Amino acid sequence: MTQALVALGPDRLEVQEVCLRPLGEADVRVRIAGVGVCHSDLSMVNGTLRPSYPMVLGHEAAGTVSEAGAATRVAVGTRVVLNWAVPCDSCWHCTHGQPWLCSTIEGTTGAPGGTLADGTSYDACLGLGAMAEEVVVPAAAVVPLTADVPLDEAALLGCALLTGVGAARNVARVGPGDTVLVIGLGGVGLSAVQGARLAGAGRIVAVDVSDAKEPLARAAGATDFLVASPDLRKQVRAMTEGRGADSALECVGSAATIRQAWTAVRRGGTCVVVGVGPQDQEVVFNPLELFHFSRTLVSSVYGNSDARRDIADLVHHVGAGRLDLASTITDRIDLDGVPDAFERMRRGEGGRAVVVFPTTESQEDP
């Protein structure tokens, strides 16, 4: 049995003892060190998504392999980041260089994770269910991690960093000297700021509803900070000789902020939708503006990344001091603190909250 945060239904969260599914020959058991509280987890319980309940939440995590199935090549004791988007490598998208759009995982919210104490089966969020002391996952869902990254911070490599940095580098294709607008400064937005800086952007304009986010934004690499307002388009144009930003990364997921991001981009620029929004909102464009501005509007799915390749690249940048994991973490909590973390997320407060489990790296590593 292991402790886990179980969603029993919409906005019904409870820490319970659960029984993990049996370890298969191609599986590994991972002792979780840290798991991020991601907006996608909130989407599983606030009505944006409609998963099967009960569900153990959590998909952005890192830990240590404590047991490995006979058919795996993963050694016990290996430090790993969990990968919730394991591509099949055989569908059309995978064979055409878009593993982040893999048909096998498209629309999937969970997979069988085990049973509750009363024998009820539960789903593991995005196949991981990582808000738990331990998880059993396919060996294909773990990416080995070097020893120079703290495990609790390394959790962010599994989603926030891949998504935010990937949105800037892989989707917006930010180039040296570009002006980049980032709207929404949660964990993913702050990572997008870091990604724009890593790509060599000359000016990074960070926007949030709370002015308390300014120190976090500047620590991530923002050169300018604006409090969200209806005049955002005019403010950004005033900074860019009337043109607008070369690219905008919308990290909120609402019709209003998508529209703001779009109108703040120059002619021929790129607007990237990073946030996952609801189905009951619409963004409206008229045919003339689509023709005249010649902008690109595109979404970023998991940063258009392949975790098997891109986590190693991010770790390299962390080791070289070009990416800072800790700067985006504003709250270190336990499982009981996740509901409050969701409330802070709803209010737009703080950066990333990370659930840190009692076992410390100093106890694990010689």
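The values are calculated or read from the model by the stated rules, or taken from the named source; none is laboratory data. Since the structure is predicted, the reported quantities are computational estimates derived from the model, not experimental observations. Please note: Cβ atoms are built from the backbone with ideal geometry, for glycine as well, and neighbour counts cover all protein chains shown. To get the accessible areas, we keep the full protein, side chains included, count just its heavy atoms, and leave off ligands, DNA and RNA. Shrake-Rupley method; radii C 1.70, N 1.55, O 1.52, S 1.80 Å.
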- Using a 1.4 Å probe, how large is the accessible area of residue 142, given in Å² and rounded to the nearest 10? 20
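Taking the Cα centre of region 1-46 as origin, sum charge times position over the Cβ atoms of Lys and Arg (+1) and Asp and Glu (-1), and report the length of that vector in debye to the nearest 20.
On the way: 4 positive and 6 negative charges, 18 e Å.
Here the size comes out at about 80 debye.
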- For region 1-119, max minus min Cα coordinate along each principal axis, in Å, sorted largest first? 40, 35, 25
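Are there GluC sites (Glu not before Pro) in region 1-94 that DSSP puts in a loop and that have at most 15 other Cβ atoms within 10 Å, and which ones?
Working: sites: 14, 17, 25, 60, 67; in loops: 25.
Answer in residue order: 25.
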- Please get the size of the charge dipole for region 162-293, origin at its Cα centre, with Cβ charges of +1 on Lys and Arg and -1 on Asp and Glu, quoted in debye to the nearest 20. 380
- Task: Assuming R0 = 41 Å, can you tell me the calculated FRET efficiency for the pair residue 347 and residue 70, based on Cβ-Cβ distance, to the nearest 0.05?
- Result: 0.30
- Item | In sequence order, calculated HN-Hα J values of region 129-142 (Karplus, 6.51, -1.76, 1.60; Hz; x Gly/Pro) | x, 8, 7, 7, 5, 9, 9, 10, 9, x, 4, 5, 9, 10
- Cβ-placed point charges (K, R +1; D, E -1), dipole of the chain about Cα centre in debye, nearest 20: 1460
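Given R₀ = 25 Å, FRET efficiency for residue 237-residue 280 by Cβ-Cβ distance, to 0.05?
On the way: r = 31 Å, r/R0 = 1.24.
Efficiency, from the Cβ-Cβ distance: 0.20.
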- Query: Which parts of region 18-62 would a label at residue 98 reach, counting a residue when its backbone N lies under 19 Å from a point 7 Å out along Cα-to-Cβ?
  - Reply: none
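Per the helix-only calculation at 222 nm, which mean residue ellipticity applies to the chain, given -39500 (n - 2.57) for every DSSP H run of n ≥ 4 and division by its residues, nearest 500 deg cm²/dmol? Don't skip to the end; give the middle numbers.
Values: 12 runs with 90 residues, N = 366.
After summing the helix terms and dividing by residue count, I get -6500 deg cm²/dmol.
Please sort by residue number the GluC sites (Glu not before Pro) in region 258-366 whose DSSP state is loop and whose Cβ has at most 10 other Cβ atoms within 10 Å. Write down the numbers at each step before the final one.
Details: sites: 282, 289, 343, 349, 361, 364; in loops: 282, 349.
Listed in order of number, the matching sites are 282.
Between residue 12 and residue 332, take the C-beta separation as r, use R0 = 35 Å, and let me know the FRET efficiency to the nearest 0.05.
0.90
Over all directions, how big on average is the projection of the convex hull of the alpha-carbon atoms in the chain, in square nanometres?
Values: hull surface 71.4 nm².
One quarter of the hull surface, i.e. the mean projection, equals 17.8 nm².
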- Item | Distance from region 175-234 to region 87-147 (C-alpha centre basis), Å | 31
- In the full protein assembly as shown, how much of residue 345 is accessible to a 1.4 Å probe, in Å² to the nearest 10? 50
- Could you work out the local net charge near residue 214, counting Lys and Arg as +1, Asp and Glu as -1, over the other residues with Cβ closer than 13 Å to its Cβ? -1
